[in-house]
Amino acid sequence: MKTLKKILIVIGIIIAIPLVAALFIKQDYAVEEEIIINAPKSEVFAYIKQLKNQDHFSKWASIDPNMKKTYTGTDGQVGFISAWESEDENVGAGEQEIINITEGERIDFELRFFKPFQSTEAAYMITENVAQNQTKVKWGFTGRSRYPSNLFLIFMDFEKMVGDDFQTGLQNLKNILENSKQ
């Protein structure tokens, strides 16, 4: 009986340690990448404001060229929704809605993931003048991982995971906008 009691205590401690540790681990995360594009801010903003254009520069749009896409509303306006569905688990299913536009400056999106996991996160794109024909574009993503799943943030590098995909998309965006002038 003493052995069983000791085993149960050890198992209880093994389970309790990560749960206690998760109490002290941050729950919020944020990723932001940026790039300088050699094009006027008005031109860059007009392009990124059209959510359908993400199909041309976003890394995720290129993962499954056969994914089903549907659109609701008027592109480039608050309330426009771009939805996707793919059998590829790296793409899954979800939708992105434009929830706010500060004309010429910022677009805010709500990302709703349905498959392979359910989650709702905030994303945004910001344009800033660097020079007359140079624009800095920032693409960001914020989220929250609730207790106790926030424990996984120790093992997941969101900056690397999502940041690399944002940087690929921003480089594609730069190539599109700079090469359209040639």
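Since every read-out is calculated from the coordinates, none of them should be taken as a lab result. For clarity, every value in this text was computed on a predicted model and none was experimentally measured. No Cβ is skipped: glycine too gets one built from the backbone with ideal geometry, and neighbour counts run over all protein chains shown.
Close amide H partners of Ala39, meaning residues 5 or more places away or on another chain with modelled amide H under 5 Å apart, are Gln134, Thr135. Karplus-based coupling profile of segment 164-180, in residue order and whole Hz: 5, 5, 4, 5, 4, x, 5, 5, 4, 4, 4, 4, 4, 6, 6, 7, 6, with θ = phi - 60° in 6.51 cos²θ - 1.76 cosθ + 1.60 and x standing for Gly or Pro.
Taking θ as phi - 60° and the Karplus parameters 6.51, -1.76 and 1.60, the scalar couplings of segment 87-98 work out to 7, 6, 5, 6, 10, x, 9, x, 8, 10, 10, 6 Hz in sequence order, x denoting glycine and proline. Under 19 Å from the 7 Å Cα→Cβ point of Glu87, by amide nitrogen: which residues of segment 50-76? Flagged as within label range: 61-70. With the highest mean first, a sort of the peptides 38-45, 117-124 on other beta-carbon atoms found within 10 angstrom per residue produces 38-45, 117-124. Going Cα to Cα from Lys49, which aspartates and glutamates come in below 15 Å? Please leave out same-chain ones fewer than 8 positions away. Filter leaves Asp75, Glu97, Glu103, Glu105, Asp108, Glu110, Glu128. Summing +1 for each Lys or Arg and -1 for each Asp or Glu, what net charge is found among the other residues whose Cβ lies under 13 Å from the Cβ of Gln50? Neighbourhood net charge equals -1.
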